[in-house]
1. List the trypsin sites (Lys or Arg not before Pro) in the range 1-60 that DSSP assigns to loop (not H, G, I, E or B) and whose Cβ has at most 12 other Cβ atoms within 10 Å. Which are they?
2. Per 0.36 nm of contour for each residue apart, how much would the distance between residue 49 and residue 32 grow if the chain were fully extended, relative to their Cα-Cα spacing?
Amino acid sequence: MSFLDKAKNLLGKNADKVGGAIDKAGDFVDQKTDGKYAGHVDKAQDAAKDAVQKMDPTQADPNHKDTPPA
């Protein structure tokens, strides 16, 4: 298992904690920009959360196969 696979697995297993960190980061940016880019920040937060959720092994697509056929 490569480093990237391990990182994805850890992110997926801790999706709730990562989601909270994404929210905090977005709130920080909103605070520093006085909400000027709130719409863009919200879209970025949603995209980041979706990406993390896709890495969650409990949400894995049962039809997707990572290993090539033998």
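1. 36
2. 4.0 nm
Every number in this text was worked out from the coordinates using simple rules, so none of it is lab data. Given the structure is predicted, the values throughout are model-derived calculations rather than measurements. Neighbour counts are summed over all protein chains in view; Cβ atoms, including those assigned to glycine, are modelled from backbone coordinates with ideal geometry.
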